[in-house]
Amino acid sequence: MAGIEDVLRQGYVPSYDKGLYNSIKDKWDRVSKPIDSMGVFEEITSRIGAIQGREKPGVVKNVILVFASDNGIVAEGVSQSGQEITAICADGIADMKRSVSVMAESIKADVKLIDLGVAFELASPNISNEKIRKSSRNFMLEPAMTREETVKAINVGFSHVKESADAGYDLVGIGEIGIGNTTTSSALASILLSLPAEDVTGRGAGLDDKGLARKTEVIDTCVRKYNLTSDDPLKALETVGGYDIAAMVGACIGGAVFGIPIVLDGFISNVAALIAERLVKGTKDYLIASHLSGERAAGLVLKELELAPVIDAHMALGEGTGAVMMMGLLQTANAVYEHCNSFKEDGIEEYKRL
């Protein structure tokens, strides 16, 4: 099996089995209900089955990978919270006391907290320690990560998805925690979409107007300072990104390589997904958008990926919570596919696709 550096050099992955996708879609048409009446869930579950290589899509045994890392850019006044909050949240997630953990428990999904760069030591014994550095660097002064660190973080996400596939999980959801990561993701969105900072920068966890102006100024200054363009997404990632985003990039690519669908969370994971697609063409075929984040550029990034979010609830919680909600909906939709009568069983003439 190819390692992450081999996949990055190759720069593309083949798509899933389109014949199997069509077979599952045809079976949806034989379920005793109006054609296409389960909407986008028919397409998504068909794609899930095709990625997994089975006519009965699996959506029950699921795991959420939450990547935790602090960001040195907070020194520039772009966040209302300090880095100590990341550690508190990380321990809480690992000990099943935070939003994503409680929500995941309700659908019997597992949660794994992976520490790549939390600035403080974590107390919970339930954490996967992959710490590369205690926080990324302040990219106002120097690049956030070295190239070696960036590839290492990408490999962490890639490897955890491989482990998840080997463990027999049906779906992998990805999420993150890390003070300052809406700044890193907004900076990356500005570069990847070739848009000014003011068009892609939101308030994060609740900045006031002064804080938002400062955040936008920092992003604009740094994008110009390093002369970053969409032509080199890996350089952009290492310069103004973070370990959490890099790990999610690797997780997205891992889904394509190891044949396991990746359920995205909000804006930050969507930016990671766009980088993954730019680095390894075809990755987006293996990704499922969960919700439309409240962050300003969320819809723009998903449009660039040609992925449509299902949930539009103005959520901005992070942690992988949107992915959990999407998994619950997928389980409900898949129950229709698996357990409803067919037209033949009901003695009804099948509806015909026009």
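Does segment 241-251 include one or more residues that are surrounded by fewer than 21 Cβ atoms within 10 Å (Cβ to Cβ) and under 23 Å from ALA68 (Cα atoms)? The answer is no, given that none of the residues of segment 241-251 is surrounded by fewer than 21 Cβ atoms within 10 Å (Cβ to Cβ) and under 23 Å from ALA68 (Cα atoms). Pairs are defined by a Cβ separation below 7 Å, a sequence spacing of at least 6 or placement on different chains, a first member in segment 228-242 that is within 12 Å of ALA144 (Cβ to Cβ) and at pLDDT 95 or above, and a second member that is of a type outside the set (A, V, I, L, M, F, W, C) and assigned to a helix (DSSP H, G or I); the pairs so defined are LEU237/THR150; GLU238/ARG147; GLU238/THR150; VAL240/THR184; GLY241/THR184; GLY242/ASN181; GLY242/THR184. For segment 19-42, filtered to residues that are part of a helix (DSSP H, G or I) and of a type in the set (Ser, Thr, Tyr), the residue that is surrounded by the fewest Cβ atoms within 10 Å (Cβ to Cβ) is SER23. Of the residues screened, PHE67 is not one that is of a type in the set (Phe, Trp, Tyr), within 26 Å of VAL218 (Cα to Cα) and surrounded by fewer than 23 Cβ atoms within 10 Å (Cβ to Cβ).
State whether the residues of segment 306-320 include one that is in contact with a helix residue (DSSP H, G or I) (Cβ under 6 Å, 6 or more places away or on another chain), closer than 21 Å to LYS235 by Cβ, assigned to a loop (DSSP other than H, G, I, E, B) and touching a residue at least 24 places away in the same chain (Cβ under 8 Å). No: segment 306-320 contains no residue that is in contact with a helix residue (DSSP H, G or I) (Cβ under 6 Å, 6 or more places away or on another chain), closer than 21 Å to LYS235 by Cβ, assigned to a loop (DSSP other than H, G, I, E, B) and touching a residue at least 24 places away in the same chain (Cβ under 8 Å). Residues that are part of a loop (DSSP other than H, G, I, E, B) and touching a helix residue (DSSP H, G or I) at 6+ places or on another chain (Cβ under 7 Å) within segment 80-116 comprise GLN80, GLN83, MET96, ARG98, ILE107, ALA109, listed in sequence order.
Listed here are the helices (runs of 4 or more DSSP H) enclosed by segment 117-235 that have at least 3 residues being of a type outside the set (A, V, I, L, M) and buried (at least 24 other Cβ atoms within 10 Å of the Cβ): 147-166, 181-192. For segment 43-69, the set of residues classified as closer than 20 Å to THR321 by Cβ and not in a helix (DSSP H, G or I) consists of VAL59, VAL60, LYS61, ASN62, VAL63, ILE64, LEU65, VAL66, PHE67, ALA68, SER69, listed by residue number. Condition check: farther than 26 Å from LYS25 by Cβ and among the aliphatic types (A, V, I, L, M). Does ALA313 satisfy that? In short, yes. Note on segment 275-298: residues that are more than 14 Å from the chain's Cα centre (by Cα) and either modelled with pLDDT of 95 or more or buried (at least 20 other Cβ atoms within 10 Å of the Cβ) (or both) total 7. For segment 74-88, the candidate set comprises residues that are crowded, with 20+ Cβ neighbours inside 10 Å and either hydroxyl-bearing (Ser, Thr, Tyr) or modelled with pLDDT of 95 or more (or both); within that set, the residue that is nearest to PHE120 (Cα to Cα) is ALA87. Pairing each residue of segment 275-291 that is outside any helix (DSSP H, G or I) with any residue that is acidic (Asp, Glu), provided the two are 6+ apart or on different chains, yields C-beta distances under 9 Å for LEU287/GLU277; SER290/ASP265; HIS291/ASP265; HIS291/ASP312.
Selection over segment 158-184 of residues that are touching a strand residue (DSSP E or B) at 6+ places or on another chain (Cβ under 9 Å) and not charged (D, E, K, R) gives a count of 14. Is it the case that segment 329-336 has a residue that's out of contact with any Cys (no Cβ under 6 Å at 6 or more places or on another chain), farther than 20 Å from VAL66 by Cα, surrounded by fewer than 14 Cβ atoms within 10 Å (Cβ to Cβ) and modelled with pLDDT of 95 or more? The answer is yes, given that some residue of segment 329-336 is out of contact with any Cys (no Cβ under 6 Å at 6 or more places or on another chain), farther than 20 Å from VAL66 by Cα, surrounded by fewer than 14 Cβ atoms within 10 Å (Cβ to Cβ) and modelled with pLDDT of 95 or more.
Listed here are the residues, each with its yes/no results for (1) touching a residue at least 60 places away in the same chain (Cβ under 8 Å); (2) within 17 Å of the chain's Cα centre (by Cα).
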{"site": "GLU55", "(1), (2)": "no, no"}
{"site": "LYS61", "(1), (2)": "yes, no"}
{"site": "VAL66", "(1), (2)": "yes, yes"}
{"site": "ASN71", "(1), (2)": "yes, no"}
{"site": "GLN80", "(1), (2)": "yes, no"}
{"site": "SER101", "(1), (2)": "no, yes"}
{"site": "ALA104", "(1), (2)": "yes, yes"}
{"site": "ALA109", "(1), (2)": "yes, yes"}
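Collect the residues in segment 258-274 that are among the hydrophobic types (A, V, I, L, M, F, W, C) and either surrounded by 24 or more Cβ atoms within 10 Å (Cβ to Cβ) or modelled with pLDDT under 95 (or both), keeping them in residue-number order. Once the filter is applied, which keeps residues that are among the hydrophobic types (A, V, I, L, M, F, W, C) and either surrounded by 24 or more Cβ atoms within 10 Å (Cβ to Cβ) or modelled with pLDDT under 95 (or both), segment 258-274 yields ILE260, ILE262, VAL263, LEU264, PHE267, ILE268, VAL271, ALA272, ALA273, LEU274.
For segment 321-354, taking the residues that are of a type in the set (Phe, Trp, Tyr) and assigned to a helix (DSSP H, G or I), the one that is farthest from PRO34 (Cα to Cα) is identified as TYR337.
The values are calculated or read from the model by the stated rules, or taken from the named source; none is laboratory data. Remember, predicted model here, so these are calculated numbers, not experimental data. Every residue, glycine among them, receives a Cβ derived from its backbone with ideal geometry; neighbour counts consider all protein chains shown.
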